[in-house]
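Peer 1: My questions will all concern the structure given below.
The values are calculated or read from the model by the stated rules, or taken from the named source; none is laboratory data. Computed from a prediction, not measured in an experiment: that's the story for all the values here. Every residue, glycine as well, gets a Cβ built from its backbone with ideal geometry; the counts of neighbours run over all protein chains shown.
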């Protein structure tokens, strides 16, 4: 285990990463209320609060892959194990405590000293960032910059983090019911 001293570059990077995560958590905006039928796994009603919102990933990795490792669900860790990755190489267990009692243990992807994900690579030929585990990436990575807040067992609020450069791209895909069905709905069922 490495010791990190206050004022060291690693300490400052970790502090900035924690601060940026907190700030991003405060600026999420509602896009739509989605009502689903869990049996048919279909959308039955949508109410959009943001119209004409577009999205296309710019593969810039400006925020999504540089704020430390993503939290992992058990399914995320299992997907990576099945893909041949040893948990010691990618898993960083974190235990949250409150008043000296353990609340929960969660897993997170390990990160580099600069706070970026260990699986982030820069393709110098194409001049884009790439995820070296793209087909097996965690749920949070698959839905970024979107997020779901459960309302009840059959509905959720679709939100977005507005700092992503892929939002409102002129050549982006319209974020509507079709977009939600095609790209986000299966993940919503997995995590809600």
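Peer 1: Out of all the residues in the range 119-151, which are over 19 Å from residue 166 (Cβ atoms), surrounded by fewer than 18 Cβ atoms within 10 Å (Cβ to Cβ) and touching a residue at least 12 places away in the same chain (Cβ under 8 Å)?
Peer 2: Matches in the range 119-151: 132, 135, 150, 151.
Peer 1: Within the range 75-85, track down each residue that is within 15 Å of residue 139 (Cα to Cα) and either buried (at least 18 other Cβ atoms within 10 Å of the Cβ) or touching a residue at least 24 places away in the same chain (Cβ under 8 Å) (or both).
Peer 2: Once the filter is applied, which keeps residues that are within 15 Å of residue 139 (Cα to Cα) and either buried (at least 18 other Cβ atoms within 10 Å of the Cβ) or touching a residue at least 24 places away in the same chain (Cβ under 8 Å) (or both), the range 75-85 yields 75, 76, 77, 79, 80.
Table: residues versus (1) assigned to a strand (DSSP E or B); (2) touching a helix residue (DSSP H, G or I) at 6+ places or on another chain (Cβ under 8 Å); (3) modelled with pLDDT of 85 or more; (4) farther than 30 Å from residue 172 by Cβ.
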position	(1), (2), (3), (4)
14	no, no, no, yes
63	no, yes, no, no
96	yes, no, no, yes
115	no, yes, yes, no
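Peer 1: Quick check, is residue 50 more than 21 Å from residue 120 (Cβ to Cβ), modelled with pLDDT of 95 or more and surrounded by 10 or more Cβ atoms within 10 Å (Cβ to Cβ)?
Peer 2: No.
Peer 1: Looking at (1) surrounded by 14 or more Cβ atoms within 10 Å (Cβ to Cβ); (2) part of a loop (DSSP other than H, G, I, E, B), which one does residue 92 not meet, given that it meets all the others?
Peer 2: Looking at each condition in turn, residue 92 falls short on (2).
Peer 1: Further question on the same structure: For the range 152-167, enumerate the residues that are in contact (Cβ under 8 Å) with a residue 24 or more places away in the chain, surrounded by fewer than 17 Cβ atoms within 10 Å (Cβ to Cβ) and more than 17 Å from residue 190 (Cβ to Cβ).
Peer 2: Of everything in the range 152-167, those that are in contact (Cβ under 8 Å) with a residue 24 or more places away in the chain, surrounded by fewer than 17 Cβ atoms within 10 Å (Cβ to Cβ) and more than 17 Å from residue 190 (Cβ to Cβ) turn out to be 162, 163, 165.
Peer 1: Does residue 54 satisfy the criteria of being within 30 Å of residue 171 (Cβ to Cβ) and more than 15 Å from the chain's Cα centre (by Cα)?
Peer 2: In short, yes.
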